[in-house]
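**Q** Pasting a structure below so you can have a look.
The values are calculated or read from the model by the stated rules, or taken from the named source; none is laboratory data. Being a predicted model, the structure only gives us computed values, none of them experimental. Note: ideal-geometry Cβ built from the backbone for every residue, glycine included; neighbour counts use all protein chains shown.
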Amino acid sequence: MASSAKNHEFREQLETQGIRTAIIEMNHSSFDQFLLHEQFELCVFDRFMVEEQFGARVASALPRCLRILDTIDLHFLRRTRELNLKGKLGQGELDEETCTRELASIYRSDLTLVLSRYEVDLLVQEFGVPSQLLAEWGFMYAIPEAETLPTAEGRKHFAWIGNFRHPPNEDAVRFCLKEFLPRHWAEIRAAYPDLEIHFYGAYPPKELMALDQPKKGIRVLGPCDDSIKTLKKYRALFAPIRYGAGIKGKISDSWAAGLPVITTDIGAEGMSAPGEPFAGLLVKTEIDMQKALIRLAADDTEFNALQTEGLRALTELYGESLQIHRLREWIQKLTERPRPWIQKILWHQHHRSTDFFSRWIEE
């Protein structure tokens with residue numbers, strides 16, 4: 001695993017798990033030497049920006065190396081929705097700059113991993129990307145046995161979890177703490193006076209940490225060591241996500257913890273098996289959110305039904321053995337097919353601005 005981040009906090013953890021790590025430099029010939037020494041057969045780029053930074057050097061030094069782009073989520077889709085929510089883009093408008101860059105990265109790559117069927121269909125139907133360049137590949141989970149999951153008895157309170165450096169996460173928590181809870185929490189707590197809601201996530205802004213209100217049952221707790229273990233204590237995940245893309249780890253982690261989910265259409269997007277409804281409660285308005293929280297605060301029958309649905313969805317969508325089998329199949333197919341002409345065109349000198357700019361910086 002190679003990164004330009006120096007002394008990353010997780011590097012030692014990766015090494016202890018047998019994963020070799022390397023620190024690499026952008027726009028520097030030392031990366032070329034690193035590639036030639038290692039002779040990789042496959043390279044995965046973590047987001048299109050990394051492919052822009054390093055893809056040309058990989059293609060040049062190791063022309064036979066398979067190059068796979070992991071989108072994480074479609075950044076142009078997330079960015080478009082963010083700008084739309086903030087009133088900076090009109091309905092139907094697109095963040096064309098990000099879209100153009102991300103699509104170019106997809107075409108330069110041998111295969112692109114896309115997190116959900118929704119995003120695969122969007123790329124194929126709306127942007128004409130050939131389906132053979134795309135692979136729907138989400139998370140991987142070792143599926144727990146149903147009887148090992150904590151039951152409703154003994155669980156209490158609601159939880160949110162998510163890294164605050166991810167803009168949709170910070171927006172959702174800000175909405176909760178500054179808009180939804182001030183308007184509705186008192187009424188929810190009138191029905192259940194001991195009820196609390198806990199917010200977890202790495203890198204919380206001081207402004208939001210300052211909104212921790214223990215007496216009101218509103219806790220902003222910061223990071224936790226183990227998300228699934230933490231979520232097993234709660235009655236429900238409350239995820240009022242207002243914009244974003246991809247699939248949501250907080251939701252799949254909740255299913256793995258046997259935790260019912262309350263979320264929006266954006267939160268649930270791409271997280272259903274074909275022909276199946278979303279395994280959770282969908283809410284559109286603040287009143288919907290209030291009613292859902294009150295329902296799951298004490299309704300064990302609904303809790304049990306949603307726990308069962310969540311485990312089923314996790315198995316069908318993200319079961320570990322299924323995902324490993326699919327990835328191996330795609331990689332095998334890559335080795336058997338010629339590279340498409342559109343990729344060769346984009347690697348022609350006339351289109352290689354990112355490569356030339358990188359080398360100009362080095363000089």
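**Q** When residues of the range 48-82 are filtered for being part of a helix (DSSP H, G or I) and either within 21 Å of the chain's Cα centre (by Cα) or without any contact (Cβ under 8 Å) to a residue 12 or more places away in the chain (or both), how many remain?
**A** The number of residues fulfilling the criteria is 13.
**Q** Scan the range 219-230 for residues that are hydrophobic (A, V, I, L, M, F, W, C) and out of contact with any strand residue (DSSP E or B) (no Cβ under 6 Å at 6 or more places or on another chain) and jot them down. Step through it out loud before you land on a result.
**A** Going through the range 219-230, the residues hydrophobic (A, V, I, L, M, F, W, C) turn out to be 220-221, 224, 228.
The answer is Ile228, and nothing else.
**Q** Counting just the residues of the range 232-243 that are in contact with a helix residue (DSSP H, G or I) (Cβ under 8 Å, 6 or more places away or on another chain) and surrounded by fewer than 24 Cβ atoms within 10 Å (Cβ to Cβ), which one comes out nearest to Gly267 (Cα to Cα)?
**A** Of the range 232-243, the ones in contact with a helix residue (DSSP H, G or I) (Cβ under 8 Å, 6 or more places away or on another chain) are 235-243.
Adding the requirement that they be surrounded by fewer than 24 Cβ atoms within 10 Å (Cβ to Cβ) leaves 235, 240-243.
Details: Arg235: 18, Pro240: 7, Ile241: 6, Arg242: 8, Tyr243: 8 Å.
Here the residue is Ile241.
**Q** Go through the residues of the range 130-151 one by one and say whether even a single one is without any contact (Cβ under 8 Å) to a residue 60 or more places away in the chain, more than 21 Å from Glu82 (Cα to Cα) and within 19 Å of the chain's Cα centre (by Cα).
**A** Yes, the conditions are met somewhere in the range 130-151.
**Q** What's the total number of residues in the range 209-229 that are assigned to a loop (DSSP other than H, G, I, E, B), in contact (Cβ under 8 Å) with a residue 12 or more places away in the chain and either surrounded by fewer than 14 Cβ atoms within 10 Å (Cβ to Cβ) or not aliphatic (A, V, I, L, M) (or both)? Please lay out each step first, then the result.
**A** Pass one, the range 209-229, residues assigned to a loop (DSSP other than H, G, I, E, B): 210-212, 217, 223-226.
Cutting the leftovers down to in contact (Cβ under 8 Å) with a residue 12 or more places away in the chain gives us 211, 217, 223-224.
Imposing the further condition that a residue be either surrounded by fewer than 14 Cβ atoms within 10 Å (Cβ to Cβ) or not aliphatic (A, V, I, L, M) (or both) reduces the set to 217, 223-224.
Selection size over the range 209-229: 3.
Let's see how each residue does on (1) in contact with a helix residue (DSSP H, G or I) (Cβ under 9 Å, 6 or more places away or on another chain); (2) modelled with pLDDT under 95; (3) more than 26 Å from Gln132 (Cβ to Cβ); (4) loosely packed, with under 12 Cβ neighbours inside 10 Å:
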| site | (1), (2), (3), (4) |
| --- | --- |
| Glu12 | no, yes, yes, yes |
| Glu38 | no, no, yes, no |
| Asp46 | no, no, no, no |
| Ser60 | yes, yes, no, no |
| Arg64 | no, yes, no, yes |
| Lys86 | no, yes, yes, yes |
| Gln91 | yes, yes, yes, yes |
| Thr98 | yes, no, no, no |
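**Q** Next question. Yes or no: Thr285 within 25 Å of the chain's Cα centre (by Cα), surrounded by fewer than 18 Cβ atoms within 10 Å (Cβ to Cβ) and at pLDDT 95 or above? Walk me through how you get there before you give the answer.
**A** On the way: within 25 Å of the chain's Cα centre (by Cα): yes; surrounded by fewer than 18 Cβ atoms within 10 Å (Cβ to Cβ): yes; at pLDDT 95 or above: yes.
It is true that Thr285 is within 25 Å of the chain's Cα centre (by Cα), surrounded by fewer than 18 Cβ atoms within 10 Å (Cβ to Cβ) and at pLDDT 95 or above.
**Q** Please go through (1) more than 30 Å from Leu83 (Cα to Cα); (2) modelled with pLDDT of 95 or more; (3) among the aliphatic types (A, V, I, L, M) for Ile324 and return the number of the only condition it doesn't satisfy.
**A** (2)
**Q** From Gly267, Gly275, which residue is part of a helix (DSSP H, G or I) and in the same structural domain as Gly217 (by TED's automatic domain parsing)?
**A** Exactly one residue qualifies, and that residue is Gly267.
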